[in-house]
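A short worksheet on the structure shown next.
Read-outs throughout are calculated quantities, based only on the coordinates presented, and are distinct from any laboratory measurement. Keep in mind that this is a model prediction, so the values were computed, not measured. Every residue, glycine among them, receives a Cβ derived from its backbone with ideal geometry; neighbour counts consider all protein chains shown.
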Amino acid sequence: MANGKLTSEGRLSKLIGGIVFGLSALLVSQGLAKDGPVAVDAEIVFAVDVSYSMDQEEQVLQRQGYADALTSEQFINALKGGIHGKIAISYMQWASYRDSDILLPWTVIDGPESAVAFADKLLRAPYRRAQRTSISGAIDRSARMFDNNGFNGLRRVIDVSGDGANNDGRPVQAARDDAVKQGITINGLPLVGIRPSWNYADIANLDLYYQDCVIGGDGAFMVAIRDRKGFTDATRTKLIQEIAAPNIPPMTFSVVPAQEREPRVNCMIGEAMWNRRWGN
């Protein structure tokens with residue numbers, strides 16, 4: 001420095017330092033470690049339906065199921081058995097194609113403490129409901145969440161949970177196929193007829209719809225929830241399978257790669273039912 005002023009070399013050095021500091025702050029804000037993305041056994045987005053067909057009781061059931069599954073002894077033991085012993089998860093709510101929000105951002109789960117902390121935040125978070133049901137929107141939003149998220153998982157999984165067929169946005173098969181092309185696996189947790197009363201948007205074979213139209217990718221599977229008592233057990237079983245694959249063989253539920261055969265149900269049934277209902 002000469003006469004209290006920066007030389008050209010000093011200004012350049014200060015500029016470079018500022019750029020380096022700014023980039024470092026950006027990397028930290030995105031969850032990146034100093035040496036690059038954090039290695040985990042799986043990156044999982046919990047994509048949860050909050051459309052009006054999901055009543056308060058069903059939403060509470062969903063959250064409690066995820067919280068109980070994440071804090072279960074069976075899940076923690078499976079977590080420890082992974083190559084890295086940790087996963088990254090995020091909880092995203094969705095309704096219409098452009099209506100989604102990240103309730104809980106990407107979080108590392110590496111043991112009981114982090115699992116309990118995530119579960120507590122989930123159970124304390126506010127509830128909401130919104131119009132329409134766009135599984136395609138949920139898949140598209142979830143797929144974007146893997147970009148520059150600060151993690152490098154052995155598997156990338158979208159875990160779709162809901163009680164109805166797609167009736168908004170682009171066709172669900174198109175969203176599924178685009179995600180699968182990116183190396184993402186889509187698993188399903190459909191709530192099949194657990195309400196005491198029938199909703200106009202319900203379909204009797206939602207499990208087949210999820211198998212043939214929603215799930216896809218390497219080792220994709222779905223677990224149908226047919227009663228409220230079985231939600232926690234099914235969610236725990238599915239989570240264990242997601243973090244253990246491909247280290248263990250599939251468990252005793254349906255494992256059906258959706259894109260490998262012609263669907264047994266109309267994958268546009270949700271849109272057709274909506275149009276009949278509202279005369280579009």
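Couple of notes before you dig in:
- Radius 15 Å from Cβ of GLU43, net charge of other residues (Lys, Arg +1; Asp, Glu -1): -1
- Most tightly packed first, judged by the mean number of other beta-carbon atoms within 10 Å of their residues, the peptides 105-116, 56-67, 152-163 read 152-163, 56-67, 105-116.
- Å³ per residue enclosed by the Cα convex hull of region 41-278: 110
- Distance between the 7 Å Cα→Cβ label points at VAL116 and GLU262: 5.5 nm.
- Grouping the Cα pair distances of region 44-147 into 10 Å bins from zero gives a pair-distance distribution of 15, 45, 31, 9, 0 percent in increasing distance order.
- Once C-alpha pairs closer than 8 Å and six or more residues apart are averaged by separation and normalised to the residue number of region 41-278, the relative contact order reads 23 percent.
- Karplus 3J(HN,Hα) series, Hz, for region 50-60 with 6.51 cos²θ - 1.76 cosθ + 1.60 (x for Gly, Pro): 10, 5, 5, 5, 8, 6, 4, 5, 5, 5, 4
- ASP101-ARG276 pseudo-label distance in nm [points 7 Å out on the Cα-to-Cβ vector]: 3.4
- When Rg and Dmax are taken over the Cα atoms of region 118-193, they come to 13.8, 38 Å.
- Inter-site label distance for ARG128 and ARG226 at 7 Å from Cα along Cβ, in nm: 3.5
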